[in-house]
1. If amide hydrogens are placed 1.01 Å from N in the peptide plane, which non-local residues have theirs closer than 5 Å to the one on Gly172?
2. For the range 77-232, report the accessible area per residue in Å² (1.4 Å probe, heavy atoms, rounded to an integer).
3. Take the alpha carbon gyration tensor of the range 37-196, find the square roots of its eigenvalues, order them as a ≥ b ≥ c, and report rounded if a/c is under 1.5; if not, report prolate when a/b exceeds b/c, else oblate.
4. Relative contact order for the range 55-156 using alpha-carbon pairs under 8 Å, separation at least 6, rounded to a whole percent?
5. Under a 5 Å amide H to amide H cut-off, with H placed in plane at 1.01 Å, what residues pair with Ala51 once short-range neighbours are removed?
6. Find how much the distance from Thr226 to His149 grows on full extension, using 0.36 nm per residue of separation minus their present alpha carbon separation; answer in nm with one decimal.
7. Order the peptides 64-77, 115-128 from the highest to the lowest mean number of other Cβ atoms within 10 Å of their residues.
8. Would the range 95-167 count as rounded, prolate or oblate if I go by the C-alpha gyration tensor, calling it rounded below 1.5 in a/c and otherwise prolate when a/b exceeds b/c, oblate otherwise?
Amino acid sequence: MCAALAKVFAVTAPRRWKAFAAPVLYSYFRSSCSWRVRIALALKGIAYDQAPVNLVKDGGQQLSPDFFSVNPMQQVPALKIDGVILSQSLAIIEYLEETRPNPRILPQDPKKRAQVRMISDVIASGIQPLQNLTILQQVGEKKLEWAQHCISRGFKALEQILQETSGRYCFGDEVSMADLCLVPQVYNAERYKVDLAPYPTLRRINKALLELEEFQTSHPSRQPDTPPELRA
């Protein structure tokens, strides 16, 4: 395995699950999908090791043969846990919810659970994939305009939904999987200089979530692979 993938950093958290060796999260500090999983691991108090995968350096370390054996889709995150390797952030989060249900990040009521999944998918399927690194590399010179268009279009819909479902957070007053998707997407929007003024509900929720320790410790500015100039 290449040196970059072989370098694993321990992430401290109260370890509550000891049947297997510590999970390993293959992650990139600025990947919004990776951030979702880091938040989930923090909320559930799961200690893990982190194997950084630089999506830019060396043409993209996720494209290496070594990482292909971890995730054939050549994307982050991937989580090695309980003897299996899982990819796709929402699948990982739902596995954590099913195997480590406390604290809950999905409501028990079927209708409420479906609504949380709906909000999550608006972001994870309807916004983020349209402005991720692979797409922007194909768009070329107009990548900033494209990212702004895709995020603004999605946020317009999301603002309307959140006006109906939100309390302190995306769905009522408890942190849910939807919140794990929202904060990283707002971070992306800020990176691409999206005007957030038209989305007051979204901004209010994001501000409240960023006050929580689990969202702070998992922030891109505080990761093992964060460049020195971007550290908090």
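The values are calculated or read from the model by the stated rules, or taken from the named source; none is laboratory data. Not measured: the values here are computed from a predicted model. Ideal geometry is used to build each Cβ from the backbone, glycine not excepted, and the neighbour counts take in all protein chains shown. Side chains included, ligands, DNA and RNA excluded: accessible areas come from the protein's heavy atoms. Shrake-Rupley method; radii C 1.70, N 1.55, O 1.52, S 1.80 Å.
1. Ser166, Gly167
2. Working: 8100 Å² over 156 residues.
Per-residue accessible area for the range 77-232 comes out at 52 Å².
3. Working: a/c = 2.28, a/b = 1.08, b/c = 2.11.
Judged from the Cα gyration tensor, the range 37-196 comes out oblate (a/c at least 1.5, b/c at or above a/b).
4. Working: 56 pairs, mean separation 12.1, N = 102.
Worked out over the range 55-156, it gives 12 percent.
5. Result for Ala51 returns Phe9, Leu25, Tyr26, Ser27.
6. Working: separation 77, 0.36 × 77 = 27.72 nm, distance 2.76 nm.
Net length gain for the segment: 25.0 nm.
7. On the way: 64-77: 16.9, 115-128: 20.1.
Averaged packing, sorted descending, gives the order 115-128, 64-77.
8. Working: a/c = 4.06, a/b = 1.85, b/c = 2.20.
Because a/c hits 1.5 or more and a/b fails to exceed b/c, the range 95-167 counts as oblate.
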